[in-house]
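Report on the structure given below.
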There are 2 protein chains.
Amino acid sequence: MHILILGAAGMVGRKLTGQLLRDGRLGKQDIARMTLQDVVAPAKPDSSIPIKVVASDFADAGAAPLIAERPDVIFHLAAIVSGEAEAEFDKGYRINLDGTRYLIDAIRAVGGGYKPRLVFTSSIAVFGAPFPEKIGDEFFHTPLTSYGTQKSICELLINDYTRKGLLDGISIRLPTICVRPGKPNKAASGFFSNIMREPLAGEEAVLPVSEDVRHWHASPKSAVGFLLHAGTMDLNAMGARRNLSMPGMSVSVGEQIAALDRVAGKNVTARIKRVPDPTIISIVSGWPRDFVTDRALKLGFTTAEKTFDDIIRIHIADELGGKFAA
Amino acid sequence: MHILILGAAGMVGRKLTGQLLRDGRLGKQDIARMTLQDVVAPAKPDSSIPIKVVASDFADAGAAPLIAERPDVIFHLAAIVSGEAEAEFDKGYRINLDGTRYLIDAIRAVGGGYKPRLVFTSSIAVFGAPFPEKIGDEFFHTPLTSYGTQKSICELLINDYTRKGLLDGISIRLPTICVRPGKPNKAASGFFSNIMREPLAGEEAVLPVSEDVRHWHASPKSAVGFLLHAGTMDLNAMGARRNLSMPGMSVSVGEQIAALDRVAGKNVTARIKRVPDPTIISIVSGWPRDFVTDRALKLGFTTAEKTFDDIIRIHIADELGGKFAA
């Protein structure tokens, strides 16, 4: 089996790559080779499995050479984040929309019965306020950002191309990933992770919203689990609706901090500084707070965590070698 | 006021043009000039209002010269129909999706505060089965055709471009238009009109489905009314959600025929021949049957008819000069 990961240098891409290499297989099939693509060439992991790393901008038809090698499973994680897509209108449409179209048209162009599994990472940004307290599986696309619009459109395209038998696609809407390791990116959602990650590393972090802000989270470990399941499950059970919201956990910022207190103590939570930011408060007010994800649960998608304490413990175990700055 | 109609040679386009010329104004503003575009140049109506007719394929950036003249209101009716978009995949995406993107990007490119009203005709084909018996205002996009996918995507694009202040857009999902005058087109929905129009003209018509098939209809007169209202109303009341389903009437084929019997008599209904067509039966089984359109009604959209008898009478009055073949 040949696996292609687009956007492999990103946080989720690297974790997915690592898990696949550790497993040596996807579902019941051994991995014969992997191709890792990103705008900047991903670091080549040390592995007995042959790995090709490719630096390309696939929004300029750069996907075609990768697709010509007929990968069996394609994980499409490549995108620019919401803040950047909002600030740079053309770039957002070029990468987040046209890039996906180039990709699916390149798949279609191969022909000869080639019909790979395509796993596309969509986002809860396809929903914007006002919405019900819990967003169900049949709530409509109401994006309030260009990023959310682009993700919505890609979901619809992948459904249609799948329906036409041109590929075997699924779009999974990831919750906000928490605790996101590494450095902050341009996402306005950064603080949800910053206020956990930085204090655990002995650093101060800024909380720009009030503690009653509620949001929808899953660990990086859960995100990788969703992708692996989407890459192997029988998609026929989904019918023509190949897009759906992934399970997650609805917690308030106050509950996040209480969990951090339980897991790491008051010295750690004392490193969170409250500095309200009206811009971020306004952006976040339009974000989903909670979901009913019955459809995903029924289709076998499960999270790796039961409580937000688990999310923090996963971060300490996977990113900090089991230790934090007490 | 300068009005541009894209797809002006089509049935709705011609009726809209006629109504605008008869009114001489749109809302409170006099019409100073009109531009009528289609792939084949629309017939130039006789009017004291200056009219330019243009033949262009605006899916190949042909919209830019029309937009450069800065029309105040643009009615975008141009599309290929569902059957054709399904049979010709590339053509459907080129005209129904790329064409709209060229259009909105041409609007954006004008700059200098140019922000025209854009009225886009979407379709109930954005919904496909399974759905509730009555589809509400918050049901999600579930197209089962490429045409419905393309309309869904255009709705999302127009919402985002409007949110970004690049235009002042609205997408209205028209019910199936009945009684559609003229000749059958490639739409699989053709029989809903054929079984009314042809018998009234003294011709036989084929009914390919059973009489219990229920569907969502509005007269051409109502469609023109929706467009005029969308062209003049204050869209700020809609917030970021500039896409919505129009009012209509849910009737079964049996109820259509009963209405035809009441209005025109048994000699006319006897011209309907039952010839079941498994392909059409299958296509139609995935189509919406009924809607709750509270949002449109609240925003002032109203139909011209109260019963299906009215729909038939509108056809006899507007298309047959008040007479039919008894």
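The values are calculated or read from the model by the stated rules, or taken from the named source; none is laboratory data. Computed from a predicted model, the values in this text were never measured in an experiment. Heads up, the Cβs are rebuilt from the backbone with ideal geometry, glycines too, and the neighbour counts pull from every protein chain shown.
For residues that are of a type in the set (Val, Ile, Thr) and farther than 12 Å from A:ILE195 by Cβ, tally how many sit in the range A:252-273.
Of the residues in the range A:252-273, the ones of a type in the set (Val, Ile, Thr) are A:253, A:257, A:263, A:268-269, A:272.
Those left that are additionally farther than 12 Å from A:ILE195 by Cβ: A:263.
The qualifying residues number 1.
Has the range B:102-117 got any residue that is facing chain A (nearest Cβ under 9 Å), in contact with a helix residue (DSSP H, G or I) (Cβ under 6 Å, 6 or more places away or on another chain) and at pLDDT 95 or above?
No.
Conditions: (1) more than 27 Å from B:GLY99 (Cα to Cα); (2) surrounded by 14 or more Cβ atoms within 10 Å (Cβ to Cβ). B:ARG22 meets all but one. Number of the miss?
Of (1) more than 27 Å from B:GLY99 (Cα to Cα); (2) surrounded by 14 or more Cβ atoms within 10 Å (Cβ to Cβ), only one is false for B:ARG22: (2).
Among (1) touching a residue at least 60 places away in the same chain (Cβ under 8 Å); (2) over 24 Å from B:GLY112 (Cα atoms), where does B:PRO71 come up short?
(2)
Quick check on my filter: what residues within the range A:279-305 are assigned to a helix (DSSP H, G or I) and at pLDDT 95 or above? Even if it seems obvious, please write down each step before you answer.
Quick first cut of the range A:279-305, residues assigned to a helix (DSSP H, G or I) only: A:279-284, A:294-298.
Selection gives A:ASP294, A:ARG295, A:ALA296, A:LEU297, A:LYS298.
For the range A:83-117, give me the residue count where each residue is in contact with a Lys or Arg (Cβ under 8 Å, 6 or more places away or on another chain), farther than 17 Å from A:THR145 by Cβ and aromatic (Phe, Trp, Tyr).
Counting residues in the range A:83-117 that are in contact with a Lys or Arg (Cβ under 8 Å, 6 or more places away or on another chain), farther than 17 Å from A:THR145 by Cβ and aromatic (Phe, Trp, Tyr) gives 1.
Can you name the strands (runs of 3 or more DSSP E) wholly within the range B:40-155 that have at least 3 residues being under 30 Å from B:ASP290 (Cα atoms) and of a type in the set (S, T, N, Q)?
Qualifying strands (runs of 3 or more DSSP E): B:117-123.
Could you go through the range B:249-256 and let me know if any residue there is part of a loop (DSSP other than H, G, I, E, B) and either touching a residue at least 60 places away in the same chain (Cβ under 8 Å) or within 14 Å of chain A (Cβ to nearest Cβ) (or both).
Within the range B:249-256, the subset part of a loop (DSSP other than H, G, I, E, B) is none.
The answer is no; no qualifying residue exists.
Please count how many residues of the range B:28-59 are surrounded by 13 or more Cβ atoms within 10 Å (Cβ to Cβ) and not aliphatic (A, V, I, L, M).
11
Whether any residue in the range B:180-193 is of a type in the set (S, T, N, Q), part of a helix (DSSP H, G or I), in contact with a Cys (Cβ under 9 Å, 6 or more places away or on another chain) and buried (at least 20 other Cβ atoms within 10 Å of the Cβ) is what I want to check. Steps first, please.
Initially, the range B:180-193 is screened for residues of a type in the set (S, T, N, Q), giving B:185, B:189, B:193.
If we keep only those that are part of a helix (DSSP H, G or I) as well, we get B:193.
Then keep just the ones that are in contact with a Cys (Cβ under 9 Å, 6 or more places away or on another chain); that gives B:193.
Cutting the leftovers down to buried (at least 20 other Cβ atoms within 10 Å of the Cβ) gives us B:193.
Yes, the range B:180-193 contains at least one residue that is of a type in the set (S, T, N, Q), part of a helix (DSSP H, G or I), in contact with a Cys (Cβ under 9 Å, 6 or more places away or on another chain) and buried (at least 20 other Cβ atoms within 10 Å of the Cβ).
Kindly indicate which of A:THR269, A:THR307, A:THR279 is under 21 Å from the mean Cα position of the chain (by Cα) and either of a type in the set (S, T, N, Q) or over 30 Å from B:VAL126 (Cα atoms) (or both).
On the way: A:THR269 fails: under 21 Å from the mean Cα position of the chain (by Cα); A:THR279 fails: under 21 Å from the mean Cα position of the chain (by Cα).
Criteria check complete, one pass: A:THR307.
Does A:LYS183 count as touching a helix residue (DSSP H, G or I) at 6+ places or on another chain (Cβ under 6 Å) and charged (D, E, K, R)?
Values: touching a helix residue (DSSP H, G or I) at 6+ places or on another chain (Cβ under 6 Å): no; charged (D, E, K, R): yes.
When the stated conditions are applied, A:LYS183 does not pass them.
Checking the conditions here, which among B:ALA129, B:ALA125 is within 13 Å of chain A (Cβ to nearest Cβ) and buried (at least 24 other Cβ atoms within 10 Å of the Cβ)?
The unique qualifying residue is B:ALA125.
State all residues of the range A:60-90 that are within 14 Å of chain B (Cβ to nearest Cβ) and either of a type in the set (Gly, Ala, Ser) or surrounded by fewer than 14 Cβ atoms within 10 Å (Cβ to Cβ) (or both); if no residue qualifies, say none.
A:SER82, A:ALA85, A:ALA87, A:ASP90
Of the residues that make up the range B:219-239, is at least one closer than 21 Å to B:PRO143 by Cβ and more than 14 Å from the chain's Cα centre (by Cα)?
For the range B:219-239, residues closer than 21 Å to B:PRO143 by Cβ and more than 14 Å from the chain's Cα centre (by Cα): absent.
Scan the range A:95-122 and report the pairs whose first residue is over 29 Å from A:PRO247 (Cα atoms) and whose second residue is among the acidic types (Asp, Glu) and assigned to a helix (DSSP H, G or I), with Cβ atoms within less than 8 Å and a gap of 6+ or a chain change.
Final answer for the pair search is A:TYR102/A:ASP60.
Check off (1) more than 14 Å from chain A (Cβ to nearest Cβ); (2) outside any helix (DSSP H, G or I); (3) under 14 Å from the mean Cα position of the chain (by Cα) for B:VAL209 and give me the number that stays unchecked.
With (1) more than 14 Å from chain A (Cβ to nearest Cβ); (2) outside any helix (DSSP H, G or I); (3) under 14 Å from the mean Cα position of the chain (by Cα) applied to B:VAL209, the lone miss is (3).
State the number of residues belonging to the range A:132-177 that are facing chain B (nearest Cβ under 9 Å) and among the β-branched types (Val, Ile, Thr).
Within the range A:132-177, residues that are facing chain B (nearest Cβ under 9 Å) and among the β-branched types (Val, Ile, Thr) number 4.
Which residue, of B:ARG117, B:ARG94, is basic (Lys, Arg), under 19 Å from B:ARG173 (Cα atoms) and under 20 Å from the mean Cα position of the chain (by Cα)?
One residue alone meets the criteria, B:ARG117.
Every residue in the range B:308-322 that is part of a loop (DSSP other than H, G, I, E, B) and either in contact with a helix residue (DSSP H, G or I) (Cβ under 7 Å, 6 or more places away or on another chain) or surrounded by 15 or more Cβ atoms within 10 Å (Cβ to Cβ) (or both), please.
B:LEU320, B:GLY322
Quick check on my filter: what residues within the range B:213-247 are away from every other protein chain (no Cβ under 14 Å) and in a loop (DSSP other than H, G, I, E, B)?
Hits for the range B:213-247 are B:VAL213, B:SER219, B:MET233, B:ASP234, B:MET246, B:PRO247.
Tally the residues that are out of contact with any strand residue (DSSP E or B) (no Cβ under 7 Å at 6 or more places or on another chain) and of a type in the set (A, V, I, L, M), restricting the search to the range A:109-124.
Taking the range A:109-124 first, the residues out of contact with any strand residue (DSSP E or B) (no Cβ under 7 Å at 6 or more places or on another chain) are A:109-114.
Pick out the ones that are also of a type in the set (A, V, I, L, M) and you get A:109-110.
Summing the residues that are out of contact with any strand residue (DSSP E or B) (no Cβ under 7 Å at 6 or more places or on another chain) and of a type in the set (A, V, I, L, M) in the range A:109-124 gives 2.
Hey, can you tell me all the residues within the range B:232-252 that are surrounded by fewer than 17 Cβ atoms within 10 Å (Cβ to Cβ) and touching a helix residue (DSSP H, G or I) at 6+ places or on another chain (Cβ under 6 Å)?
Within the range B:232-252, B:ALA240 is the sole residue that qualifies.
Which of the residues spanning the range A:28-60 are among the small types (Gly, Ala, Ser), over 15 Å from A:LEU4 (Cβ atoms) and at pLDDT 95 or above?
So in the range A:28-60, the residues among the small types (Gly, Ala, Ser) come out as A:32, A:41, A:43, A:47-48, A:55-56, A:59.
With over 15 Å from A:LEU4 (Cβ atoms) added as a condition, the list becomes A:43, A:47-48, A:59.
Answer for the range A:28-60, where residues must be among the small types (Gly, Ala, Ser), over 15 Å from A:LEU4 (Cβ atoms) and at pLDDT 95 or above: A:SER47, A:SER48.
Going residue by residue through the range A:258-281, is there one that turns out to be of a type in the set (Gly, Ala, Ser), buried (at least 17 other Cβ atoms within 10 Å of the Cβ) and in contact with an Asp or Glu (Cβ under 7 Å, 6 or more places away or on another chain)?
Quick first cut of the range A:258-281, residues of a type in the set (Gly, Ala, Ser) only: A:258-259, A:264-265, A:270.
Filter once more, keeping what is buried (at least 17 other Cβ atoms within 10 Å of the Cβ): A:259, A:264.
Now restrict to residues that are in contact with an Asp or Glu (Cβ under 7 Å, 6 or more places away or on another chain): A:259.
Taking every residue of the range A:258-281 in turn, at least one turns out to be of a type in the set (Gly, Ala, Ser), buried (at least 17 other Cβ atoms within 10 Å of the Cβ) and in contact with an Asp or Glu (Cβ under 7 Å, 6 or more places away or on another chain).
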